[in-house]
Amino acid sequence: GAEMNEELYSTLKSKFGFNQFRHRQKQCILSTLMGHDTFVLMPTGAGKSLCYQLPAVILTGVTVVVSPLRSLIEDQKMKMKELGIGCEALTADLSTGAQEDIYTELCSENPSIKLLYVTPEKISASGRLNSVFYTLHRRGLLARFVIDEAHCVSQWGHDFRPDYTKLHTLREKFHTPPVPIIALTATATPKIVTDARDNLKMQNSKLFISSFVRDNLKYDLIPKAAKSLINVVEKMKQLYPGKSGIVYCLSRKECETVQMMLTKAGLSAEVYHAGLNDNLRVSVQKGWLANKFDVICATIAFGMGIDKPDVRFVIHYSLPKSIEGYYQETGRAGRDGMPSYCLMLYSYHDSIRLRRMIEEGNTTTGVRSMHLNNVLQVVAYCENVSVCRRKMLVEHFGEVYDEQSCRNSKTPCDVCERQRKNQEAIRLFDVT
Ligand code: ADP
Ligand code: MG
Ligand code: ZN
């Protein structure tokens, strides 16, 4: 009751330094604290991590967090350590000795570890880890399981990870008493959500969804022409001096071409893609976080888990692979809530390029046709001239949206802005 409420707010303030809960954080936290299985859908940057980190701090015992990427895990671990919250990570690169130290701590009388991050592969592969889980469970110290980036369970998602589909064993192994599970994702297409809930055996979980509308993002689209990218970046530089943005490209080679093009025009740009070595990647990332250059030319390998609040623009130099991908990538703009610009440079030819890449990729027929279908949806989004872009984006996630809100907002999409102007022109001639 009231006591619990007070404890939530005091921990929020003292441990995390925040005054208010955002979105549906508090409801999610209460649900999982009451022992319900909980499924959380919130857009990227909304603050999903707090939904399990705060309960982990309040409760006795260890919270186990399954997360797909080492970089995401390292990032979270660093943040937790800064906040003085006991946190360790079991990833493939850890030495046997370092792993042993973690196991020993987990088996100690009163483990200082509140959050234990693991990759799904670790759970599938390590008998040792599972026996440590059993020991913790028997002693009443297994507080909860967290499945972060839960869309990785579904093969319809863009980040399918086979070992995620084995995670339902956590429910089967640790049932008396049951260990609550909380699953979180920013990917909310109804098909993927259903798939993930079925797969994790969480059909009875409480479902929390917060709106996917991003009021401060202006979505725009123009045809891709020779000088359009340079013109736009120059305009952004004037509009947001000292701030930076992302230009998404389709391939590593395209990143380099675009970088050269921008550099020639006197703009500063760096590339970022999966082909960079670790040192270079870290230094580009750092420079970007510190606004050391105007633009980062990146493939979609860039972005996941990187939390930069003041990205003022995201430009797609080539087509995104899906509507969902487009939403995620543009979602990296304006995390601080300030107006930000999302531009698609569209050419139909790019969709042919993208389709060729998919057709040449080696995968099953089913997955290939799913990817091709995703491209068709992106083309439909681009060719559209009459439906509000915000509406198209959020309705893709099953949300209902009234385009009047876009039309009346400070950052209407290009479609709504055009319609607003037309309306005003009509009014000028309206003599009655
Ligand atoms: P998500 O996982 O939903 O993409 P994160 O959990 O990484 O988002 O949180 C994004 C950012 O929001 C982080 O910098 C986090 O510290 C911040 N944040 C989370 N909750 C709050 C809050 N209640 N008040 C202010 N900032 C918050
Ligand atoms: Mg997250
Ligand atoms: Zn609109």
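Read-outs: derived from the displayed coordinates by stated rules, not from any lab. Just so we're clear, the structure is a prediction, and the values are computed from it rather than from any experiment. Cβ coordinates were reconstructed from backbone atoms using ideal geometry, including for glycine residues, and neighbour counts include every protein chain displayed.
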Checklist entry - Expressed in nm², what is the orientationally averaged projection area of the convex hull enclosing the Cα positions of the chain? => result 24.4 nm²
Item to check | Least to most buried among Val213, Val57, Val295 (fewest other Cβ within 10 Å first) | outcome: Val213, Val57, Val295
Next on the checklist: Over the chain, with a Gaussian network built from C-alpha contacts below 10 Å, which listed residue (Gly337, Gly61, Gly97) shows the highest mean-square fluctuation?
Outcome noted: Gly97
Item to check | Linear extension gain, Lys421 paired with Asn279, 0.36 nm per residue minus alpha-carbon span | outcome: 46.2 nm
Checklist entry - Label-point separation (nm) for Glu82 and Cys107, each offset 7 Å from Cα along Cα-to-Cβ? => result 3.5 nm
Checklist outcome for this item: Footprinting proxy, Cys416, Cys255: sorted fewest to most Cβ within 10 Å, the residues are Cys416, Cys255
Checklist outcome for this item: Once the in-chain neighbours fewer than 8 apart are removed, the aspartates and glutamates whose Cα is under 20 Å from Lys15 read Glu3, Glu6, Glu7, Glu74, Asp75, Glu82, Glu88, Asp307
Checklist entry - Mean residue ellipticity at 222 nm from the helices of the chain, using -39,500 (n - 2.57) per DSSP H segment of n ≥ 4 over the full residue count, to the nearest 500 deg cm²/dmol? => result -14000 deg cm²/dmol
Next on the checklist: On a straight-distance basis, which aspartates and glutamates could pair with Lys237 in a cross-link, Cα separation under 18 angstrom, same-chain partners fewer than 8 positions away excluded?
Outcome noted: Asp220, Glu270, Asp294, Asp310
Item to check | For the stretch 28-67 and the stretch 274-345, distance of Cα centres in Å | outcome: 27 Å
Item to check | Neighbour cut-off at most 16 other Cβ (10 Å), DSSP loop, trypsin sites (Lys or Arg not before Pro), the stretch 86-179 | outcome: Arg139
Checklist entry - Counting other Cβ atoms within 10 Å, which trypsin sites (Lys or Arg not before Pro) in the stretch 292-321 have at most 14 and lie in a DSSP loop? => result Lys292
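Quick check on packing: order 49-56, 15-22 by the mean number of other C-beta atoms within 10 Å, highest mean leading.
Output ranking for 49-56, 15-22: 49-56, 15-22.
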Item to check | Eligible aspartates and glutamates near Lys308 by straight Cα distance, threshold 12 Å, same-chain separation 8 or greater | outcome: Asp336
Next on the checklist: Compute the helix-to-body angle for 127-138: its Cα long axis versus the longest principal axis of the chain, expressed 0 to 90° and rounded to tens.
Outcome noted: 70 degrees
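As a footprinting exposure proxy, order Leu8, Leu83, Leu428, Leu30 by other Cβ within 10 Å, with the fewest listed first.
Ranked by crowding around the Cβ, least crowded first: Leu428, Leu83, Leu30, Leu8.
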Next on the checklist: Output the 0 to 90 degree angle, nearest 10, between the alpha-carbon long axis of helix 278-289 and the longest principal axis computed from the alpha carbons of the chain.
Outcome noted: 60 degrees
